[in-house]
Amino acid sequence: MDCSTHAYDRQRRCYQSIPVVAGRWMRWTYQTPAGRMALHALIKRKVVSSVYGRYCHTRHSARTAQRLIDTFSLDMTPFGSFDSYASFFTRTLAQVDMPGAPVLGAWAEGFCSVWEDIQPARVVQVKDDVYDLPSLLGDAPLAESFRGGTMLRIRLAPQHYHHFHWFDDGVVRSIRDIPGSYFSVHPLALRQIARLYCQNKRRIVVADTAAFGPMALVEVGATMIGSIHNPFAAGDSFVRGADGGHFAPGGSMLLGLFQKGRLRIDADLIEQTSLGFESIVHLGERVGEANHG
């Protein structure tokens, strides 16, 4: 933990310095010529994440988990013991208390950014860098359905709980996997790799929700993420608070797209995103509410 980033703490109403896991390695990879060469030649490829995944199932890897637990003072009481980094990383809660409608609860814990009135041809990745929604979703009509809508991005670092949980009752309409690279989703990478979301491996889950209408959940893989696991298939129903799936070891990101007029985002999240800061959100924490007129 050799560098840090700053994020807005909604509960304390101040900025917090957050240690960055493998920060020195991240800086070398994305900010030096030698690192960028290694990134494009090898690090972004699936084989690296697969090899790392095998290591994460060894007993020796439990030391890595313990360092994260100690550094971030993680409460492991609900999860019991673990014998590898993989078992720590994929720890799960069968059910999570989510706020009832019309409140939207965060479907994952992590660092949150939000955008309103999104336009399919020009969606912000970071300041001065944009991508297009049809390329992200691999479906131009689906992208068009979110014109003028809202997008929430929750970025999960290695210390976070890596399952997401459903924020409402609903039905899964479709699931689509799009192959791609394995760039990191840390802000250092987002500033260096143009259209990163459209290059990384991702899964597009389209669902109809009771309170928030049609939406798309984009599960974005990243460096050291070998796979994305979801316990549902197209046509399955889900209930508020139920486990929706998890990533294999590594950092990752979840994008939530909502149609125009369906959602009002909390003002502090909008303000911090406009200032260039991510906001710390906890699983089930209020991030907005349904807009019914």
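What follows draws every value from the coordinates through simple rules; no lab data is involved. Only a predicted model underlies this, so the values are computations on that prediction, with no experimental measurement involved. Neighbour counts run over all protein chains shown; Cβ positions are idealised from the backbone, glycine included.
So, by mean Cβ neighbours within 10 angstrom, what's the order for 5-14, 169-178 with the highest one leading?
Put in order of decreasing packing, that is 169-178, 5-14.
Rounded, prolate or oblate for the range 198-289? Axes are the square roots of the Cα gyration tensor eigenvalues, ordered a ≥ b ≥ c, and the cut-off for rounded is a/c under 1.5.
Taking the square roots of the gyration eigenvalues as a ≥ b ≥ c, the range 198-289 is oblate.
Go ahead and run the numbers for FRET between residue 271 and residue 92, Cβ-Cβ distance against an R0 of 45 Å, rounding to 0.05.
0.85
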